[in-house]
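Since the structure comes first, as structure tokens, the remarks are kept for the end.
The values are calculated or read from the model by the stated rules, or taken from the named source; none is laboratory data. Everything numeric in this text was worked out from a predicted model, so none of it was measured. Reconstructed Cβ throughout: ideal geometry from the backbone, glycine too, with neighbour counts over all protein chains shown. Remember, those area values only see protein heavy atoms, side chains included, never the ligands or the DNA or RNA. Shrake-Rupley method; radii C 1.70, N 1.55, O 1.52, S 1.80 Å.
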Amino acid sequence: NIVWRNGTTNDEEWMFALFKRTMQHYIESAFGWDELLQKESFIAALPIKQFQILALDNNPIGAYHISAKPDRLVLDMILVEPEFQGQGWGKSLLNRVKTESLKLNKPVQLSVLKSNPAIDFHLKEGFERFDSDSHSIKMLWRG
């Protein structure tokens, strides 16, 4: 039983915990990890009500957050519970983002830390590198 829903305040702790479980290692190696700073920044920059959450049998297993800009959509975050990774759930999340992109006729932009193996996932899904800095790679999907 698959359900898509908007994030609620009840999801905030789960969402940050998922972010921590899946991203702490990569962030720590690039910038260091300050728990309080990470939590405050995450909550401030990515309002929970703007997350789209994928739930399986009423249990959230993944989510994404996009920001609409005049000329593009920015995929700020896409996360899948570690035990559900590699099973196509990330692709399901990304397909919803792509559908929104096509509807709005805007490309999707994202940034991935260079240490994150998700780079390969995004390349396989049609994203192209267009810029980078010392820590991350910027990618674009044009549809």
Practice problem: May I ask which of 114/138; 69/103; 20/98 have a Cα-Cα span longer than 18 Å here? | Solution: 20/98
Quiz item: Rounded to the nearest whole Å², what accessible area per residue is found for the chain with the 1.4 Å probe?
Solution: 56
Quiz item: For the chain, what does -39500 (n - 2.57) per DSSP helix run (n ≥ 4), summed and divided by total residues, give at 222 nm, in deg cm²/dmol to the nearest 500?
Solution: -12000 deg cm²/dmol
Quiz item: In terms of solvent-accessible area of protein heavy atoms at a 1.4 angstrom probe, what is the ranking of 22, 8, highest value first?
Solution: 8, 22
Quiz prompt | Surface share of carbon and sulfur [accessible, 1.4 angstrom probe, percent] for region 23-78 | solution = 52
Exercise. Return the distance in nm (one decimal) between the two label points of a simple spin-label model at residue 58 and residue 36, each offset 7 Å from Cα along Cα→Cβ.
Key: 3.8
